[in-house]
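Reading through the structure tokens given below for one structure.
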Amino acid sequence: ENPSPHVVSADITDLGYDDTGALCARLTTAGEQTFSLGNGKKAVAAAKSVPEQRTLDDWSMTLESWSQGTLALETAKEEKGPYTLKKLVSWNEIQGLEDAAGKAVYTTSFDMNGGWEEHLGAYLEFDYVSDTMHVWVNGKEIPGVNQMSKKVDMGEYLKPGTNELRVEVVSNLANIKSSYTQRFGIVGEVRLTPYRQVPLQEVSNPVPPKPQPVLVSGITLNKPQVRLF
């Protein structure tokens, strides 16, 4: 039995299999991508159109601020906010949160332009997040968020129309236990990057055409032509 085709060389790394087991690529730009397969053949994936990337603005944030309690093993918790954030900055840049530690909840919403076509998805990409985050889309938590890449696949959680986004960021206790102020929270841009999932199509190796005979001065020759003097 021949093994399923697999990619050994590609310009992109967003590859996977669909529900039928077909090898697919997730393209974030329109056009064609070429792949080298393990069976020695080539494959292409093409998308005629992909929605443009956009930055998510208009965030609201609330913070459960932690501090030392009255007892040795007690943590005091205080709700602060909500804060309206047009620009995402670290907590220590917000008045009253200069030495804050705790758990922040960020919320915003975005529209899928009146609908969301089949085979379209989107990534959520963060410039900077500290310390750890959890992400919910339309009330469903996305499991296994990669804390290092700061890139989240929202594809299966999206719906036509308005989508609700919630990001929970939890800090460590550095700002409480030391005089050093650490940057916590979401900082910089948060981008929504749409992708289109398309199957890879194997490309047949073209057979070079056979040379056609050419009649020169009454003599039949094969290409290349031979000039007679």
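Here is how the numbers come out for the structure above:
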item: Calculated FRET efficiency for the pair E118/K41, C-beta based, R₀ 22 Å, to 0.05; result: 0.20
item: Solvent-accessible surface (1.4 angstrom probe) belonging to H119, in square angstrom, nearest 10; result: 110 Å²
item: Per DSSP, loop chymotrypsin sites (Phe, Trp or Tyr not before Pro) in segment 102-197 with at most 16 further Cβ within 10 Å; result: Y180
item: Extension gain from T34 to T132, taking 0.36 nm per residue of separation minus the Cα-Cα distance; result: 31.7 nm
item: Per-pair calculated FRET efficiency, R0 = 35 Å: R54 and S178 via Cβ, rounded to 0.05; result: 0.35
item: Under 5 Å, built H, 5+ apart or other chain: amide partners of S90; result: none
item: Overall form of segment 45-95 per C-alpha gyration tensor (a/c, 1.5; a/b vs b/c); result: prolate
item: Taking segment 50-185 and dividing mean pair separation by its residue count, relative contact order in percent (alpha carbons under 8 Å, at least six apart); result: 28 percent
item: Label-point separation in nm, E93 to N146, each point 7 Å along Cα→Cβ; result: 2.6 nm
item: Surface share of carbon and sulfur [accessible, 1.4 angstrom probe, percent] for segment 67-150; result: 47 percent
item: Accessible area (Å², 1.4 Å probe, nearest 10) - E117; result: 110 Å²
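The values are calculated or read from the model by the stated rules, or taken from the named source; none is laboratory data. Keep in mind it's a predicted model, so treat the numbers as computed, not measured. Quick reminder, even Gly has a Cβ in these numbers, built from the backbone with ideal geometry, and neighbours come from all protein chains shown. Only protein heavy atoms, including side chains, enter the accessible area calculation; ligands, DNA and RNA are left aside. Shrake-Rupley method; radii C 1.70, N 1.55, O 1.52, S 1.80 Å.
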